[in-house]
Structures are given as structure tokens and as C-alpha cells.
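Rule-based calculations on the coordinates, nothing more; no lab input. The structure presented is a predicted model; accordingly, all values stated were derived computationally and were not measured. Positions of Cβ are generated from backbone atoms using ideal geometry, with glycine treated the same way; all protein chains shown enter the neighbour counts.
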Amino acid sequence: MGNSTIDWNSLGFSYIKTDYRYVSHWKDGQWDQGHLTEDNRLAISEASTALHYGQQCFEGLKAYRCKDGSINLFRPDQNAKRMQRSCERLLAPLVSEEKFIDACRQVILANEHFIPPYGTGGALYLRPFLIGVGDNMGVNSAPEFIFSVFCIPVGNYFKNGLSPSNFVVSEYDRAAPQGTGAAKVGGNYAASLLPGVQAKKRNFSDCIYLDPLTHTKIEEVGTANFFGITRDNQFVTPVSPSILPSITKYSLLHVAKERLGLEAIEGDIYIDQLDRFKEAGACGTAVVIAPIGGIQYGEQFHVFHSETEVGPVTRKLYQELTGIQFGDVEAPEGWIIKIA
Ligand SMILES: *Cc1c(COP(=O)(O)O)cnc(C)c1O
């Protein structure tokens, strides 16, 4: 399949079968060298732990076409390290940083014509994942594993420019206090489907999860991290063992401090003290930043900057970070790996 039928400007975030994906198998204590394949199906044992006991984890990162035609991969070392931490939590074998980045590189190069052109705001989204497979019945770690990376071209999330949307606080928890919230595992996502649908039925973009222990502090926004800009220009983002450590969030902490001159801190964000903040947003690889217009909490609806306009600090953060990703703004050392 080619890319001649793709309309880059109307691309969303949907599955498209691109030409090649990378697959590597782990057996008898080691990974094989891995290979590219055109087959987008996996044949695995019906007794695989990934199917029954949720022994699986994944990652998400993007490659960008730059103005000069080169390709930027954004902070893949951070995704590799995070997948290692997820694997440690799940008793799965680790993939080395080198193998992880090499797999991404192979997939990008083999599907290069699927990278959206510079200027469309799109990118090549990479989905590395690791699953426990093989014949196994008891609740044990799997006898074999598969590490795979596939990719899809994705469009700019904001087709008509950055715009805010509203969120609602969920009564469900996403993760347990000492559970798997900090690991990027599918089980957390399965648990988030119902609260997400309930929020969307009420015309909210997604739901906000409070800390599972006291239900007084903001933890996550759907499948993104939260940040707020205080009235005295602090960039604040919550810290907790049940939050998934977003690479976009850590990148924004750096950009806020080093490029925008804000005080950047990780600290508690109480749901009944939202007046501290003049702006708020959700951040993650897929959207980069989704500005938050307002938050519904029980009977109360709190509006930050505006329900229709994006605040100036949020806009600057978005421009600086996307500028770095597309190669238009100088990147902090080590943030960009040139693929071609
Ligand atoms: C992946 C993910 C994020 C965002 O992480 P990024 O590294 O910025 O893409 C935030 N929250 C959850 C629950 C996630 O799974």
C-alpha cells in the first residue's frame, strides 16, 4: 500500500495499516535480533498471559518531518526507560534502550513515505508494545514474550488551531494507590473506558481522576497528565505514585522553567482550590497540550482562562514544545534523535 490516498490535512488518530512493523521474540532468556514484517497479525497461544492476566505494556512516541526534510524522533530514550520500568512491574524481560531505539528507527525508515509532510502538523505515531505469550495456565510470568513496534500517520489534533474543552471529575479511580498507575499497562486503560464514555455522554472531552486515597487532589486527565498555571506564574503539575509519568509533562516542566522563565514545580493540586490557577491543560504525546476550559466537580463548574479562548502561557508552551519537536526551535541537548 502507498500513501497516495492519504489526505494529510484530514488525518485523525485512526489505525492505518502501514507497510512494515518490527517484531522480536524472547525465549529461553533472550531476545532474538528482531525483523521487519508486512504481516500485521500476531499468531499467539490461546493461553498467553497477555490475554488472560494483562501481562502487557506499551509506549507511544512520534517522529516528525522537519522543514529541511530530515526526520526527528522525540526523546525515545525516555520511552525506552519507561517501558523498562513497566516491564519490571510486570515481571517481563527488559528491552535494552539500544534495541528499543533501533526498532523505532527501522520502522520509521521502512515507512518513511507515511510521515506527514512538514507544515501539516501531523507526525508518524509509533506504538511499541510488549506482550507475554506462550502456553501457560497458572498465574505466572509468561514463558515467552513478543516486543513489537508499529506506526500510523496521525494528524494535528487541533485542526482549527488550539482550542479549550471541558472535563468532568469522575467518581471512579483509574489506579490503586500502590497499584500499576505509574506503569503504562493496558489494564489501566481497560478500567478507564467506562468512565471515559460516561464523561463523553455528558458532552465533556474526558474525565479527570482524583487521587485514589483521599479523592481530594487531581491526578490525571483521561489518559493525559494535568498542569496548571498559577496567578503568580508557576507551572504546577501533580506528583503521585499512581500517575503515569508523562514525557510531555517533564518536557513542559523544563520548557516552562528554562524557556518561559516560570517557576516549575511538582506539587499537590486540590480539586477545591482551582482558583489558584489562571490556566490549565492536559498533556501527552497524542495531543501535546489540550487546553482545559472548565472542570465540572459535582454541582460546581470552574472556568479557568476561558471556555473558548486559549490562555497566553498555554499557547506559548505549546508553540515552544511543538517548535522543538518539528526542529524549528533549538532542542535541549539529547531530546532529538535524527533518523534521517
Ligand atoms: C501515556 C500516558 C500519558 C502521557 O505520557 P506521554 O509520555 O506524555 O505521552 C499520560 N497518562 C497516561 C495514563 C498515559 O498512559
*Using just the helices of the chain, give the 222 nm mean residue ellipticity in deg cm²/dmol: DSSP H runs with n ≥ 4 each add -39,500 (n - 2.57), and the total is spread over all residues, rounded to 500.*
-7000 deg cm²/dmol
_Let me check the size of the stretch 14-120 from its C-alpha atoms; what are the radius of gyration and Dmax in Å?_
15.4, 49
*What is the calculated FRET efficiency for residue 44 to residue 85, with r their C-beta to C-beta distance and R₀ = 30 Å, to the nearest 0.05?*
0.80
*Considering only 186, 210, 277, whose Cα is most displaced toward the positive end of the charge dipole of the stretch 165-325, charges sitting on Cβ of Lys, Arg (+1) and Asp, Glu (-1)?*
186
_Label-to-label distance, nm, for residues given as residue 308 and residue 273 (7 Å Cα→Cβ offset)_ = 3.3 nm
*asked:* So for each of 264-277, 287-300 I average, over its residues, the number of other beta carbons within 10 Å; can you give me the resulting order with the highest mean first?
replied: 287-300, 264-277
*Mind checking Rg over Rh on the stretch 259-320, alpha carbons, Kirkwood formula for Rh?*
0.96
*Rg/Rh for the stretch 169-305: what does it come to with C-alpha atoms and Rh from Kirkwood?*
0.94
*List, in the order given, every pair from 67/184; 200/278; 184/217 whose Cα-Cα distance in the structure shown is over 29 Å.*
67/184
_Centroid-to-centroid separation of the stretch 274-340 and the stretch 51-82 [C-alpha atoms, Å]_ = 20 Å
*In degrees, nearest 10, range 0 to 90: what is the angle between the Cα axis of helix 247-258 and the longest Cα principal axis of the chain?*
50 degrees
_Using θ = phi - 60° and Karplus 6.51 cos²θ - 1.76 cosθ + 1.60, couplings along the stretch 278-284 (whole Hz; Gly, Pro as x)_ = 8, 9, 8, x, 10, 9, x
*Between the stretch 106-130 and the stretch 168-190, the Cα center-to-center distance that results, in Å*: 28 Å
_If the convex hull is drawn through the Cα atoms of the chain, its volume per residue in Å³_ = 135 Å³
_Estimated dipole of the chain in Debye, rounded to 20 [Cβ of Lys and Arg +1, of Asp and Glu -1, Cα centre]_ = 400 debye
*asked:* Please list, by residue number, everything in the stretch 272-292 whose backbone N is under 19 Å from a paramagnetic label point 7 Å out along Cα→Cβ of residue 158.
replied: 278-292
*asked:* 7 Å from Cα along Cα→Cβ at both residue 141 and residue 201: what's the point-to-point distance in nm?
replied: 4.1 nm
*With r as the distance between the Cβ atoms of residue 338 and residue 96 and R0 = 22 Å, compute the FRET efficiency 1/(1 + (r/R0)^6) and round to 0.05.*
0.60
*Of 254, 288, 236, whose Cα points farthest to the positive end of the dipole of the stretch 185-337 (charges on the beta-carbon: +1 Lys, Arg; -1 Asp, Glu; origin at the Cα centre)?*
288
*Specify whether the C-alpha gyration tensor of the stretch 159-248 places it in the rounded, prolate or oblate class, a ≥ b ≥ c being the square roots of the eigenvalues: rounded for a/c under 1.5, otherwise prolate if a/b is larger than b/c and oblate if not.*
oblate
*If the cut-off is a Cα-Cα distance under 19 Å, which lysines reach residue 17, setting aside same-chain residues fewer than 8 apart in sequence?*
62
_With both bridge residues required to lie in the stretch 140-246, what share of the DSSP beta bridges run antiparallel, to the nearest 5%?_
70 percent
*Could you pull out every one of the aspartates and glutamates with an alpha carbon less than 18 Å from that of residue 81, ignoring same-chain neighbours closer than 8 positions?*
59, 97, 98, 102, 333
*Tell me the trypsin sites (Lys or Arg not before Pro) within the stretch 200-257 that lie in a loop according to DSSP and have at most 14 other beta-carbon atoms within 10 Å.*
202, 231
*Pair-distance profile P(r), taking every C-alpha pair of the stretch 223-290, with 5 angstrom steps and integer %*: 4, 18, 29, 28, 17, 4, 0
*Computed FRET value (nearest 0.05) for residue 77 with residue 330, which takes r as the C-beta separation and R₀ as 30 Å*: 0.95
*Taking Rh as the Kirkwood radius computed over C-alpha pairs, what is the Stokes-Einstein D of the stretch 28-68 at 37 °C in a medium of viscosity 0.692 mPa s, expressed in µm² per second?*
228 µm²/s
_Translational D in µm²/s for the stretch 127-207 (Stokes-Einstein at 10 °C, 1.306 mPa s, Kirkwood Rh from C-alpha pairs)_ = 98 µm²/s
*Ranked highest first by the average count of other Cβ atoms within 10 Å around their residues, in what order do 139-150, 124-135, 12-23 fall?*
124-135, 139-150, 12-23
